[in-house]
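Here the structure comes first, spelled out in structure tokens, and everything after it is commentary.
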Amino acid sequence: MKIVHVASEMFPYMKTGGLADAVASLAGTLADSGHEVAVFLPGYRAALEHRDAVGAERRMRLKIEMGDQFLSGDVRVFSPRPRLQVFLICREEFFDRRSPYGNGERDFEDNADRFIFFCKGVVEALRLGDLQADVVHGHDWQAALLPLLVRDAERRHGVTLAVKTVFTIHNIAYQGLFPRGIFARTNLPEDLNSMDGLEYYEQINLLKGGILFADRVTTVSPRYAQEIQTPEFGCGLEGVVQTREHDIVGLLNGVDMSVWNPATDALLPARYSMANLGGKQLCRVELLKRCGFAADYRGPVFGVVCRFTEQKGLDLLLGNRDFFLREDCRLIVLGSGEKHYEEAMHALAAEAPRKISLSARLDEGMSHLIEAGSDFFVMPSLFEPCGLNQMYSQVYGTVPIVSRVGGLIDTVTDADDVPDAGTGLMCVPTVESLGDALRRALRLYADKPRLAAVQKRGMARDFSWRVAADSYLRLYQESL
Ligand code: ADP
Ligand code: GLC
């Protein structure tokens, strides 16, 4: 099959969160199983500077209609592995920036233009390159215009660009909402500038376009596909999602075992497996040292790695500050994002610098070390479309403490509820319930045989991308 993915992130060229990991793993696994795969990304500075992209071929020049203007760009192509090609849609004015969406607190003002240009650039590259795809598969709001733009270009030029379109919602909280005036930049037929099209309460909602007009819609866990049809989790789009009730399916993400595998992980000071956990102890020592803690500390280590945003339940974590200050434990946090969370975390770490550590930055190496060196991984999300870190934790023998939402429900089993199958500890997303789970973690930690059994069951779970990639292939085949 010829499969085209379109996304704003792909590891290792641009990453702010799990989208990058999911796109890279899905595309890589499909290519490895014999399909021709192309991934389109914006030509960000970091992507162009990546060693894989050095010497990328400049394949074509673009002239993109945006309202009553034409904007130029070009397309560069490289191939990081057999059957996988990465296409960068380049225009310096839009993408030669350090971060993809904004500066700290605020989104870039020209994000609508940037990502409309990106989607149009993809469609034009498909047309000029005569890349007739079986499936064009867009991810999240940045690529949500693809289904509409593909069909619009086919009509205008009398060609076929894609047999089917698929759209994946990785997070319905990010919708690409812009003032109504930006509709003109899409050059789509005016009847789409309405309630049955992209209009949403007097604004333009790009995500809505992907949900309504793709041939098939997926979410990144089965549970999330159900949740977003309810007002509690639908972020205002539950009604729109319900109209696609029969075309929407939740396919669980996996773990890319070439990147996240304690037996081969080159970012760790030592490697280990279920049969020999010795290396995990060395990772713990290194982690404690890096945080400036005594390396011979014997109590429980709680790790956190996440984007600093409300979704990740940081308020619940901060609401349990007394637990971390009073109990005999260590808390190690890696994250960056909203300034007020960074400040609150800094303040907490400053109160107990010998027990609590904050690294407020993006740090791939440290994220692996925390997964490997901690005893518990804390992820009390308010909602979680899938979540990758709780799966990484289980693979690394680190017990996840998660809330009962979305993909966390689909990937973790509570060890107190189901003693012979549990792999983690679960709470509801409240300060009290998280507090209860943290205290249960202390009891589990004190019971070493039970802790070892929970750890091993997590490590034995098969989260490999093979399963996920096969589900996508079945979906593509069915839709064709
Ligand atoms: P989300 O996509 O909502 O952020 P996921 O759990 O799906 O949540 O994926 C998060 C990914 O981003 C993981 O690979 C995690 O390790 C990574 N990550 C988050 N924050 C950081 C950070 N500060 N440094 C390095 N990696 C991070
Ligand atoms: C989003 C979601 C996260 C999911 C990731 C990859 O960022 O917040 O839950 O794991 O996408 O699909």
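The values are calculated or read from the model by the stated rules, or taken from the named source; none is laboratory data. The structure presented is a predicted model; accordingly, all values stated were derived computationally and were not measured. Note: ideal-geometry Cβ built from the backbone for every residue, glycine included; neighbour counts use all protein chains shown. With ligands, DNA and RNA removed, areas are computed over all heavy atoms of the protein, side chains included. Shrake-Rupley method; radii C 1.70, N 1.55, O 1.52, S 1.80 Å.
Overview of values
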{"item": "Number of positions in the stretch 134-172 that are closer than 29 Å to Leu388 by Cα and either out of contact with any strand residue (DSSP E or B) (no Cβ under 9 Å at 6 or more places or on another chain) or in a strand (DSSP E or B) (or both)", "result": "13"}
{"item": "Test result for Asp96, among the charged types (D, E, K, R) and free of Cβ contacts under 8 Å to residues at least 40 places away in the same chain", "result": "no"}
{"item": "Selected residue (criterion: nearest to Glu371 (Cα to Cα)) from residues of the stretch 391-404 that are within 14 Å of ligand 2 (Cβ to nearest atom) and touching a Gly at 6+ places or on another chain (Cβ under 9 Å)", "result": "Ser393"}
{"item": "Residue satisfying all of: in the stretch 297-320; within 19 Å of Val399 (Cα to Cα) and assigned to a helix (DSSP H, G or I); nearest to ligand 2 (Cβ to nearest atom) among these", "result": "Lys312"}
{"item": "Any hit, the stretch 53-60, residues being in contact (Cβ under 8 Å) with a residue 60 or more places away in the chain, open to solvent by 20 Å² or more (accessible area, probe 1.4 Å) and out of contact with any Lys or Arg (no Cβ under 9 Å at 6 or more places or on another chain)", "result": "yes"}
{"item": "Condition check for Ala27: free of Cβ contacts under 8 Å to residues at least 40 places away in the same chain, within 16 Å of ligand 2 (Cβ to nearest atom), within 20 Å of the chain's Cα centre (by Cα) and not in a loop (DSSP other than H, G, I, E, B)", "result": "no"}
{"item": "Matching entry among Asn205, Asn187 (being at pLDDT 95 or above, in the same structural domain as Ser8 (by TED's automatic domain parsing), on the phi < 0 side of the Ramachandran plot and among the polar types (S, T, N, Q))", "result": "Asn205"}
{"item": "Residue list for the stretch 438-456, filter: of a type outside the set (Val, Ile, Thr) and in contact (Cβ under 8 Å) with a residue 40 or more places away in the chain", "result": "Leu438, Arg439, Ala441, Leu442, Leu444, Tyr445, Leu451, Gln455, Lys456"}
{"item": "Counted residues, the stretch 97-141 - those being among the small types (Gly, Ala, Ser) and within 30 Å of Val163 (Cα to Cα)", "result": "6"}
{"item": "So Phe78, is it open to solvent by less than 10 Å² (accessible area, probe 1.4 Å), touching a residue at least 24 places away in the same chain (Cβ under 8 Å), assigned to a strand (DSSP E or B) and of a type in the set (Phe, Trp, Tyr)", "result": "no"}
{"item": "Qualifying strands (runs of 3 or more DSSP E) (wholly inside the stretch 176-281; at least 1 residues being among the hydrophobic types (A, V, I, L, M, F, W, C) and open to solvent by 30 Å² or more (accessible area, probe 1.4 Å))", "result": "177-179, 248-250"}
{"item": "Single condition Lys339 does not satisfy, out of (1) away from ligand 2 (no atom under 13 Å from the Cβ); (2) at pLDDT 95 or above", "result": "(2)"}
{"item": "Selection status of Asp140, touching a Ser or Thr at 6+ places or on another chain (Cβ under 9 Å) and open to solvent by less than 40 Å² (accessible area, probe 1.4 Å)", "result": "yes"}
{"item": "Residue match in the stretch 26-48 (condition: within 16 Å of ligand 1 (Cβ to nearest atom), basic (Lys, Arg), over 26 Å from Leu252 (Cα atoms) and open to solvent by 10 Å² or more (accessible area, probe 1.4 Å))", "result": "no"}
{"item": "Among the residues listed as Val77, Val4, Val37, the single one being more than 16 Å from ligand 2 (Cβ to nearest atom) and more than 21 Å from the chain's Cα centre (by Cα)", "result": "Val77"}
{"item": "Residues of the stretch 405-420 that turn out to be surrounded by fewer than 16 Cβ atoms within 10 Å (Cβ to Cβ) and within 16 Å of ligand 1 (Cβ to nearest atom), as a count", "result": "0"}
{"item": "Condition check for Gly292: outside the structural domain of Asp107 (by TED's automatic domain parsing) and either aromatic (Phe, Trp, Tyr) or open to solvent by less than 40 Å² (accessible area, probe 1.4 Å) (or both)", "result": "no"}
{"item": "Selection from the stretch 421-439 of residues that are open to solvent by less than 30 Å² (accessible area, probe 1.4 Å) and not in a strand (DSSP E or B)", "result": "Gly422, Thr423, Ser433, Leu434, Gly435, Ala437, Leu438"}
